[in-house]
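Read the structure below first, then the notes.
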Amino acid sequence: MRSRRSQLIVALIAAGCSVLLPLHSLAADSGDVRIHAEQSFDQLKQHTGQQDSSKATSESRHKIDDRNSYSPDQYLVGNGQGDMTKGQIVCQRVSELSARTDLAKQIRILVKEHMVDRVREGAGREAQQDIDLTREEIVQEYLQGVKIVDRQIDEKNKTCSATAVMPKSQIQPNPAPDRLEPTPAVIR
């Protein structure tokens, strides 16, 4: 039984060698193939690089022309900026959201102001007065027809920016509330 196993193992090794020897001779020829493939790849990279640079130039020209073609009489234009510290994708998303917020601020914004005036008097001391002022902007709009028409990345300053436009015809008039809600007073 052992002799049959050893004969089987020897036969398998011989068969493997007979298959691998022709592959070894092909591998020697594959060096030529590799050199040719690398040359073709380099040519492709050069061709693609030239196309990308001409395409980028025409796209940036098109975007600038596109951005300037929106009349302020018919469109609202919002600009936003983001920071590249969290990556390019996050930066672009933040700049687009900021541009949309800028648009919404042009339509409607609620501004709240809260002021607290404190006067402290101590026994035998002069009165001290502190005034705390808090201003808050609240923007809450449903925007329709907004289009991001320009995205730019400034590698030098590590920022990116976006420009959004929206047709003024999409603005829905919203009646003002009948009465303003009173701001709760804080007494301390």
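The values are calculated or read from the model by the stated rules, or taken from the named source; none is laboratory data. These numbers come from a predicted model, not from an experiment. Every residue, glycine among them, receives a Cβ derived from its backbone with ideal geometry; neighbour counts consider all protein chains shown. Remember, those area values only see protein heavy atoms, side chains included, never the ligands or the DNA or RNA. Shrake-Rupley method; radii C 1.70, N 1.55, O 1.52, S 1.80 Å.
The GluC sites (Glu not before Pro) of region 68-121 that DSSP puts in a loop, and whose beta carbon has at most 12 other beta carbons within 10 Å, are Glu121. Taking all protein chains together, Tyr142, Tyr75, Tyr70 sort by accessible area into Tyr142, Tyr75, Tyr70, largest first [probe 1.4 Å]. Per-residue 3J(HN,Hα) values for region 101-106, derived from phi via the Karplus relation 6.51 cos²θ - 1.76 cosθ + 1.60 with θ = phi - 60°, read 5, 4, 4, 4, 5, 6 Hz in sequence order (x marks Gly and Pro). Heavy-atom accessible surface of Ile153, to the nearest 10 Å², is about 60 Å², with a 1.4 Å probe and all protein chains retained. Of the trypsin sites (Lys or Arg not before Pro) in region 66-158, the ones in a loop by DSSP (not H, G, I, E or B) with at most 10 other beta carbons within 10 Å are Arg125, Lys156. For Ile109 and Lys86, a Förster radius of 30 Å and the Cβ-Cβ distance give a FRET efficiency of 0.65, rounded to the nearest 0.05.
Heavy-atom accessible surface of region 115-173, averaged per residue, reaches 79 Å², computed with a 1.4 Å probe. Ligands, DNA and RNA left out, the accessible area of region 108-176 computed with a 1.4 Å probe is 45% carbon and sulfur.
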